[in-house]
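The structure under discussion appears below in the form of structure tokens.
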Amino acid sequence: MEPIEIPIDGVLDLHTFNPKEVKPLLYDYIAACREKKILSLRIIHGKGTGVLKKRVQGILKAHPDVLFFTDAPPQAGGWGATLVELEKI
């Protein structure tokens, strides 16, 4: 399969990705954001049943570069997105 190019702008929409791809994708995306000095991220996982949200937040909890994360406010996706702050470089 051909690699998918995604913009490195601090917003990652997971709707088009397979759940098995989420962990390596998040790690790569966080690394790419840090490289561009983007430390505030919004990860869009959707509302659905909450399974993907739990997976995303579990990955973020264990990631060494994540300072904290929280549900997005309603205007930024509510509980269908997670806001992430990364450690300063």
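Matching residues to (1) buried (at least 16 other Cβ atoms within 10 Å of the Cβ); (2) polar (S, T, N, Q); (3) within 17 Å of GLU21 (Cβ to Cβ); (4) over 12 Å from the mean Cα position of the chain (by Cα):
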residue: GLY48; (1), (2), (3), (4): no, no, yes, yes
residue: LEU52; (1), (2), (3), (4): yes, no, yes, no
residue: VAL56; (1), (2), (3), (4): yes, no, yes, no
residue: TRP79; (1), (2), (3), (4): no, no, no, yes
residue: LEU83; (1), (2), (3), (4): yes, no, no, no
residue: ILE89; (1), (2), (3), (4): no, no, no, yes
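Can you tell me which residue within the stretch 13-39, out of those that are out of contact with any Cys (no Cβ under 9 Å at 6 or more places or on another chain), at pLDDT 90 or above and not in a helix (DSSP H, G or I), is surrounded by the most Cβ atoms within 10 Å (Cβ to Cβ)? So the residue we want is LEU14. Of all residues in the stretch 17-59, those satisfying the criterion of being over 20 Å from PRO7 (Cβ atoms) and either aliphatic (A, V, I, L, M) or touching a Ser or Thr at 6+ places or on another chain (Cβ under 9 Å) (or both) are VAL51, LEU52, LYS53, GLN57, ILE59.
Scanning the stretch 67-89 for residues that are hydrophobic (A, V, I, L, M, F, W, C) and under 15 Å from LEU25 (Cβ atoms) yields a single hit, VAL84.
State yes or no: is THR70 surrounded by fewer than 16 Cβ atoms within 10 Å (Cβ to Cβ), modelled with pLDDT of 95 or more, among the hydroxyl-bearing types (Ser, Thr, Tyr) and closer than 24 Å to GLU35 by Cα? So THR70 passes the test.
Scanning the stretch 1-12 for residues that are in a loop (DSSP other than H, G, I, E, B) and either within 15 Å of ILE59 (Cβ to Cβ) or of a type in the set (Asp, Glu) (or both) returns GLU2, GLU5, ASP9.
The values are calculated or read from the model by the stated rules, or taken from the named source; none is laboratory data. Computed from a prediction, not measured in an experiment: that's the story for all the values here. Because the Cβ atoms are built from the backbone with ideal geometry, glycine has one as well, and the counts that use them run over all protein chains shown.
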